[in-house]
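Presented below is the structure to which this report refers.
Readers should treat all values here as calculations from the given coordinates under stated rules, not as data from a laboratory. Remember, predicted model here, so these are calculated numbers, not experimental data. Every residue, glycine among them, receives a Cβ derived from its backbone with ideal geometry; neighbour counts consider all protein chains shown.
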Amino acid sequence: MTTRRAMLAAAATALLIAAGAGAEAAYPERPITLIVPYGAGGATDIAARNMTAVTPKYIPVPILVVNKTGAGGATGTAFVANAAADGYTMMVARVGSHTVNPAMKANLPYSIDDFRYVGVFEINPVVCATSPNSGIDSMEALIAAVKARPGEITYSSSGVGSMLHLAGVLVLDAFGVENATQMVTHLPFRGGGEAARQVVAGNATFICTNSSALMGHIQSGALKPLMVTTKERLEGVDAPTAAELGKPELEVLVGWSGIAGPKDLVDEAYEAWVGWLGQITKDAEFKERMGALGSIVVSMTPEESVQFIRHQYEVFRALVDKLGMRVE
Amino acid sequence: MTTRRRDLLLGIGVAAFAVLLLLVVIPLGVHVPKAVRAAVLSPDLWPRVIAGMLLLFGTVLALQARFGAGDEDDWQAPGFDPLAALRFLATLGLFLLYYWLVRRLGMVLASSLAILAFGLFGRTRHTLLLLATALVLPFLLWGFFYEIAGIPLPSGDWVSWP
Amino acid sequence: MNAWDAAYWAFQTIAQPEAVAALALGVVIGVIVGAIPGMSATMGVALTLPFTFSMEPLVGILLLLGVYKGGIFGGSIPAILIKTPGTPASSCTVLDGHPLAERGEAGKALEMALYASCIADVISNLALILFAAWLAAFALSFGPPEFFTLILFSLTIIAGVSGDSLTKGLISAGFGLLAATVGLDLVYGTDRFIFGQTELMAGLNFIPVLIGLFALPEILAYLRRPTEGVGKVMDLGRHHVTWREFRRCLRGIGLGSVIGVVMGAIPGIGGAPSAFLAYSEARRISPNRDRFGKGELEGVAASEAGNNGVAGATLIPLLALGVPGDVITAVILGAFMVHGLRPGPIMFQQNIILVYALFMGILLSSVFLFITGKIAIRAFRRVADIPRSILYPSVLALCVFGAYAINNTMFDVLVMFATGVLGYFMMRTGIPAAPFLIAFILGPMLEDNFRQAMLMSQGSFTIFLRSGITWFFWAATALSIGLIVRRGLGRRRRPATAGGD
């Protein structure tokens, strides 16, 4: 604590001097703000705070996690897109804010190209699940029910433009349900926890979301998993993978978090972050903490990350255009 | 102006505002997608219902004030005080100045100046105490928000601190 | 292992100094954080979360619970002293707490707030321990249609906080509902009243609106004629709650606690609506009905019981079902998960010692809340001694910091100033602020649940009659409106008792 404070004081003094003299010092010379576009206590926020718990080992300045919430992640994301590109405002990019939202919303104040991506650091598998009382116990039964009763089957999500919103129809589309948006009813709720609860209570038929959000309900038997989108089966989830069901293309449907900065992020900051992120994703403590939450820490090069994000975006965009889901 | 007359004007004002909402603001401000499943699901249903409520209650208030009984509450409201009105406008000006200063001097320094300004504007007789408050309080808050809670406070264009 | 063994081991676990210290520290942090406007209990818990990562699970979770409970009480301190609710849940406390402070009875109001908070806390904790499974099943049966009818019923409390003119109360509520529609549409994601402002996409933030509506009009009115009130020396501190007053308030506290427990067990409602409902029901049954809103101790007691009654009960859906009931319990759920624990039925089987230890810790937290509260009141009641010409500028700066910090944007400071001006005009024209606030909180819930129900039923209104719960709330709403109408007619017949305008 004292070192942190001393560091801050030093940084503040240095800053005052720097402001006067216009001198340049090496990055980073003051605390870095890490914007989380979702609320405190959510999966993204916990991922970010898990990260800051280990960053003192690698990053010489404090990282300030700042929640800037609202509009399904758009508020915080737009803020970073327009922030100074000096490397002192970075963000935790997320599947919702960076691939689903841009693919679905025309009224968004940013696009996927407004950012410089440092890298993806964690991936979380998606599970589709339903209540055991629904009488649906497999993807096959779900598809049959959707086709038999068009519009009656509902799926819950954490709002328009959330991954859950897109995931529901993406899965049905892959399983050959034509015009999926008309065949099922989308039930938006405020937040992922609420969306899961409504499936448990039987107010919505099914949900496709991060395994971490459903694991407790699956273990207690309140939810029946139908499918996971990982390559291998998931421990503790008794459900086939998408590939086993003959739909390997659904493996694109995974949640992820990464670090990004504004589009013109200076090279100095970019390279520093690539190095730090490489160290953080190898940190045993970080891996263990993230693992406890059900996510898988990955080490992707910046190039791989950009390719991964872009591919996911294009798949989502194609589906949105096909089904006319774009929000004007 | 009597309270009765005040309420009459208030009711008419609210009703007029509701009409403005219904005819101009809602059509302009609420985007309705082309394919709405059912009329009850339209994004503009709720704002329209609220505007309708305001129209109704505004009218009721105006009618109550015009025709209602209750002469016992028809007291004379305090008359117009030009000095107070001027001071009110000046306060609003100070608010905006405060906001503008945060952008220039940062949150902490701007707040110091603001406390000083508002205290003097409020004709304080405790000048020393005011001075001390202006010097200490913003820094205490800075310590709490920034140091303990880790919330970065805005810095200014002229002074890049905190 | 039987329950007694589990309880024995749980006692061994909780009796370690770190656990007790963490709980005590948590309550202290909570009261401080809650007492600062703009730092809500939610933020306090979220900010404490990272520090718990390296602690033992029980110690960490007790720390967070302490912050939560302390925060909810702490919010009432500025609500009473400077008319600025420290957390949304304490906004109802302003209604009677601040008038008491203005009369120089701040110490009394604070003490009553503390007593009510602690009693409600104990009741809520006992409900958690004894009825968790039963209440959780009840809570789970709340789907969108049930919610809709519950919220509709809750909106009838507007009549209880409208002051003398119901019409003005309804107008105020209309504006509150309208302000809450700003943002992105829930079902279609399209713009509503955004007019190209990115900042408005997220809607208007609750805290800046709250501060603007309550604290700023006072400041504006003072600065308009700064001589008013100067020289009026407030005699504080020496007033304590007497046994008679305490007994008078007990009914309101009991009622508030029960309302808090039920509202807390239902996920997604939170402390503010619960406090308002408790307040309005206490007013309904009180012989001192007419003094509510003008500095009635029973009002403070009921609203504080209402919001603290929620604190223990929100843990019911969390522990029994693994479902967080609000943002705070969502953060606490995160703390469980970081330690590899998953709340829910499984935890009662696998980690029963931890669960029992938590229960013991929770019971202990009420004691710490009482002690910390007593000290805090001593420390804070001097605030009311500060001359207004110093106090108001300081409160203004505090509000600006708080409004900014809630979502780290200066835009919220502008929102606060704007609602402050609106609040001032409302004050001048005799429009009460409380209905605005209630409508602002409940309006989006009403609309969301209405539309969700419509989506579920594909447009059929019969869904609103699908369960006993909906029938119950329809009946309660009808009864409540009936009583309001009857009282209105009664008042007309006896014009002499009617108040001012």
Next on the checklist: Ranking request for peptides C:23-33, B:145-155: highest mean number of other beta-carbon atoms within 10 Å first, then the rest in descending order.
Outcome noted: C:23-33, B:145-155
Checklist entry - Taking the Cα centre of the protein assembly as shown as the origin, how large is its charge dipole in debye, to the nearest 20, when only Lys and Arg (+1) and Asp and Glu (-1) carry charge on their Cβ atoms? => result 3100
Checklist entry - For segment A:213-224, in order, what is each residue's ³J(HN,Hα) by Karplus, 6.51 cos²θ - 1.76 cosθ + 1.60 with θ = phi - 60°, in whole Hz (x at glycine and Pro)? => result 6, 10, 3, x, 5, 5, 5, 7, x, 6, 10, 10
Next on the checklist: In whole Å, what are the extents of the protein assembly as shown along the principal axes defined by its C-alpha atoms, from largest to smallest?
Outcome noted: 81, 71, 66
Checklist outcome for this item: Phi angles of segment A:97-104, converted by Karplus (6.51 cos²θ - 1.76 cosθ + 1.60, θ = phi - 60°) into ³J(HN,Hα) in whole Hz with x for Gly and Pro, give 6, 10, 10, 5, 4, x, 6, 9
Next on the checklist: Can you divide the C-alpha Rg of segment C:100-161 by 2.2 N^0.38 Å and report the result to two decimal places?
Outcome noted: 1.64
Next on the checklist: Need one number: nm distance between label points at residue B:94 and residue A:271, each 7 Å from Cα along Cα→Cβ, rounded to one decimal.
Outcome noted: 5.3
Checklist entry - How many times 2.2 N^0.38 Å is the alpha carbon radius of gyration of chain A? => result 1.05
Item to check | Residue-averaged beta-carbon neighbours from other chains (10 angstrom radius) around C:448-457 | outcome: 5
Checklist entry - In nm, to one decimal, how far is the modelled label at residue C:410 from the one at residue C:290, with both set 7 Å along Cα→Cβ? => result 5.1
Checklist entry - Using a simple spin-label model with points 7 Å from Cα along the Cα→Cβ vector, what separation in nm is obtained for residue A:310 and residue B:81? => result 6.8
Next on the checklist: Can you classify segment B:1-140 as rounded, prolate or oblate using the Cα gyration tensor, where a ≥ b ≥ c are the square roots of its eigenvalues, rounded means a/c under 1.5, and otherwise it's prolate if a/b beats b/c and oblate if not?
Outcome noted: oblate
Checklist outcome for this item: Once normalised by the length of chain B, the mean sequence separation of its alpha carbon contacts under 8 Å that are 6 or more apart gives a contact order in percent of 24
Next on the checklist: When a/c reaches 1.5 or more, the comparison of a/b and b/c decides; with that in mind, is segment C:296-441 rounded, prolate or oblate per its Cα gyration tensor?
Outcome noted: prolate
Next on the checklist: Treating only the Cα positions of segment C:1-142 as identical point scatterers, give the base-10 log of I(q)/I(0) from the Debye formula at each q in 0.16 Å⁻¹.
Outcome noted: -0.94
Checklist outcome for this item: Too long for a 20 Å Cα-Cα cut-off, among A:57/A:263; A:105/B:34; A:68/A:282; A:322/B:34; A:247/A:282; A:105/A:231, are A:57/A:263; A:68/A:282; A:247/A:282; A:105/A:231
Next on the checklist: Once you order the gyration tensor axes a ≥ b ≥ c over the Cα atoms, which shape class does segment B:3-73 get: rounded for a/c under 1.5, otherwise prolate or oblate by comparing a/b with b/c?
Outcome noted: prolate
Checklist entry - What number comes out for the charge environment of residue C:448, summing +1 per Lys or Arg and -1 per Asp or Glu over other residues with Cβ under 12 Å away? => result -1
Checklist entry - To the nearest 0.05, what FRET efficiency results for residue B:127 and residue C:242 with a Förster distance of 35 Å applied to their C-beta separation? => result 0.30
Checklist entry - Hey, got the average number of other protein chain Cβ atoms within 10 angstrom for residues in C:46-55? => result 4
Checklist outcome for this item: Non-local residues with an amide H under 5 Å from the amide H of residue A:223, with H modelled 1.01 Å from N and Pro and chain starts lacking one, are A:218
Checklist outcome for this item: Expected integer from the mean partner chain Cβ neighbour count at 10 Å over C:138-147 is 3
Next on the checklist: So if the hydrodynamic radius of segment B:82-148 is defined as the Kirkwood radius over C-alpha pairs, what does Stokes-Einstein give as its diffusion coefficient at 20 °C and 1.002 mPa s, in µm² per second?
Outcome noted: 168
Checklist entry - In whole Å, what is the distance between the alpha-carbon centres of segment A:127-168 and segment A:252-294? => result 32
Checklist entry - Mean shadow of chain C, computed from the convex hull of its alpha carbons, in nm²? => result 24.2
Checklist entry - What are the residues whose amide H is under 5 Å from the amide H of residue B:2, where those residues sit 5 or more places off or on another chain and H is modelled from the backbone? => result B:77
Item to check | Estimated vicinal HN-Hα couplings, Hz - segment C:25-35 in sequence order (Karplus 6.51, -1.76, 1.60; Gly, Pro = x) | outcome: 4, x, 4, 4, 4, x, 4, 5, 4, x, 6
Next on the checklist: Checking a compactness column here: for segment A:33-103, what do you get for Rg(Cα) / (2.2 N^0.38 Å), N being the number of residues?
Outcome noted: 1.08
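As a footprinting exposure proxy, order C:262, A:274, C:415 by other Cβ within 10 Å, with the fewest listed first.
Neighbour counts put them in this order, fewest first: A:274, C:262, C:415.
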Checklist entry - Which lysines have a Cα less than 29 Å from the Cα of residue C:108, not counting those fewer than 8 places away in the same chain? => result C:69, C:83, C:232, C:294, C:374
Checklist entry - Normalised by the number of residues in chain C, what is the relative contact order in percent for Cα pairs under 8 Å and 6+ residues apart? => result 27
